Amino acid sequence: MQERQNQLYEQSKKNVAPVFEAFVQWVIEEARRRDIKTLYFLARDGYILRQIAQALCEAKGIDIQCRYLYCSRKALRMPTYHLIGDEAYDLLFMGGYHVTVESFLERAGISEDEWDTVLAETGALQRSDIRREIAYAELGKYREALLQSHAFRAQVRENSLNSYPAAAGYLRQEGLFEQARIGVVDSGWTGSVQRSLRQLLQAGGFAGQITGFYFGMFTQPKDPADGEYLTWFFSANRGKSRKVWFCNNLFECLLSAPHGMTEGYKKENGVFVPVMSAPPDSREKQLFDANTAGVLDGAKDIILRGTEPLSVKQCAALLRCLMYRPARETAELYGRFAFCDDVTEAYHFALADAGQQKLLKNYAVLSRLMRKLRRSGSAGKMTELFWPCGTAAFLDSPLKRAWYRMNIVTWEWLKYTFK
């Protein structure tokens, strides 16, 4: 076990630290240009990034305060649902890797004691439907059914109203309402966290500007009112080749923090504190510790040497090797991270392992095209892999590994070309 920990440490120090350090250098430079004096690094992806930023600011004498904000999509969305009309249901009924009726009920904060009431009011759903995985094409049908339930809609509103005071209190306590311009740092992808943050702050009287600093964004920001979105590695309209070779699920695991998800907020002894889910188990924490130590030691070495950060092009080359062409040993190291894409974190699966190889057949371009053409009901459902190229690394045949990787990247290229 210790040998694997050492290998993970060295891999992260060599191949991950330079990327994170370059990104943080960019964040600090852009914040200085805008005279932003406080940066909020958002949990949990901001955990390692904040420590790199603190080391950088200390080494260079930069007057920027780097703070850590406990939050999550779940913690910020729930208090906004009563404020945003039907957009609340757009968020509650979003698709994902493993979506079920139970997913929707948990996102809404509806306890199991209430399930039978909600299901009865739909007139269509039964207990047997609770855990059946839902295809993307079926989302609308289940949304329509659940919205027939008065109990479902009433519970969403009640839960949202109840959670708002503590959420607003925590943000006020952390100084966000006091600033004319707020800087937030996160991995990125869709910009929904910044939007929820803006909605929460605006409801409390905030009239300032939010500037988000993101590694990358797959979509365009929803509304200019949400503030400024700055991206480093790619955006919706820039860096297509970098998106093709990129695995955001692996990237999030590389940014892992040693604490649980922020479920919400509460007031305790006169202070607002985050309500946290259970922390990672001892095996998972060992992965976090080895990865974090490697990244921080590598980043601090670069900072102390005073060398120029890597360019975006150089970072792309590092990530391409790690994410698209990992050796089996590398896939074994990082594949042990547990991942969940849902806001509830109701399930976790290994990022990649040998047992997932049978699912690679779904990633053949022809198979995916045929599935897309007949995409209706469960016929369009495909069990997704969190790190397809990591799973391909477990194949014994070099030809098969190359063939699946070619199919995976071809599909990504088609997706971003004809999106």
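For residue 228, the residues 5 or more places off, or on other chains, whose built amide H falls under 5 Å of its own are 210, 211, 212.
One chain, two ends: residue 59 and residue 181. Fully extended at 0.36 nm per residue, the span grows by 41.4 nm beyond their Cα-Cα distance. Summing Cβ point charges (Lys, Arg +1; Asp, Glu -1) relative to the Cα centre of region 78-161 gives a dipole of roughly 120 debye. Near the amide H of residue 185, within less than 5 Å, lie the amide hydrogens of 40, 41, 42, 213, all on another chain or at least 5 residues away, with H placed in the peptide plane. When each full DSSP H helix of the chain is screened for a Cα extent of at least 15 Å along its own axis and an average Kyte-Doolittle hydropathy of at least 0.5, the helices passing are 312-323. In this label model, residue 285 and residue 154 are separated by 4.3 nm, measuring between points 7 Å along each Cα→Cβ vector. Treating region 78-161 as a set of equal point scatterers at the Cα positions, no solvent, please give the Debye-formula log₁₀ I(q)/I(0) at q = 0.15, 0.19, 0.27 Å⁻¹. Results for region 78-161 at q = 0.15, 0.19, 0.27 Å⁻¹ read -0.47, -0.78, -1.57. Using only the Cα atoms, work out Rg/Rh for the chain, with Rh taken as the Kirkwood radius, to two decimals. Radius of gyration over Kirkwood radius for the chain works out to 0.96.
Every Cα-Cα pair in region 310-419 was counted, and those over 24 Å apart are 32% of them. Altogether, the Stokes-Einstein calculation at 4 °C and 1.567 mPa s, with the Kirkwood radius of region 114-162 over Cα pairs as Rh, returns a diffusion coefficient of 113 µm²/s.
Whole-percent P(r), region 282-331, all Cα pairs, 5 Å bins from 0: 4, 16, 14, 24, 23, 13, 5, 1. Phi-derived couplings, Karplus 6.51 cos²θ - 1.76 cosθ + 1.60 at θ = phi - 60°, listed residue by residue for region 68-83: 10, 9, 6, 6, 6, 4, 5, 5, 8, 6, 3, x, 9, 4, 6, 9 Hz, with x used for Gly and Pro.
For region 184-333, count the residues as N, evaluate 2.2 N^0.38 Å, and divide the Cα radius of gyration by that value, please.
On the way: Rg = 18.3 Å, N = 150, 2.2 N^0.38 = 14.8 Å.
That works out to 1.24 for region 184-333.
Couplings for region 266-271, taken from phi via the Karplus curve 6.51 cos²θ - 1.76 cosθ + 1.60 with θ = phi - 60°, read 8, 9, 9, 6, x, 10 Hz in order; Gly and Pro are left as x. The longest stretch of the chain left intact once loop-based GluC sites (Glu not before Pro) with at most 16 other Cβ atoms within 10 Å are removed from consideration, loops following DSSP, is 134-383.
Full extension of the chain segment joining residue 129 with residue 3 gains 40.8 nm, where the gain is 0.36 nm per residue of separation less the Cα-Cα distance.
Near residue 60: Cβ cut-off under 12 Å, other residues only, Lys/Arg at +1 and Asp/Glu at -1. The net charge is -2. Scanning residues 5 or more positions from residue 93 or on other chains, none has an amide H under 5 Å from its amide H, with H placed 1.01 Å from N in the peptide plane.
Read-outs: derived from the displayed coordinates by stated rules, not from any lab. The shown structure was predicted, so the numbers you read here are calculated from the model rather than taken from an experiment. Cβ atoms come from the backbone with ideal geometry, glycine included; neighbour counts cover every protein chain shown.
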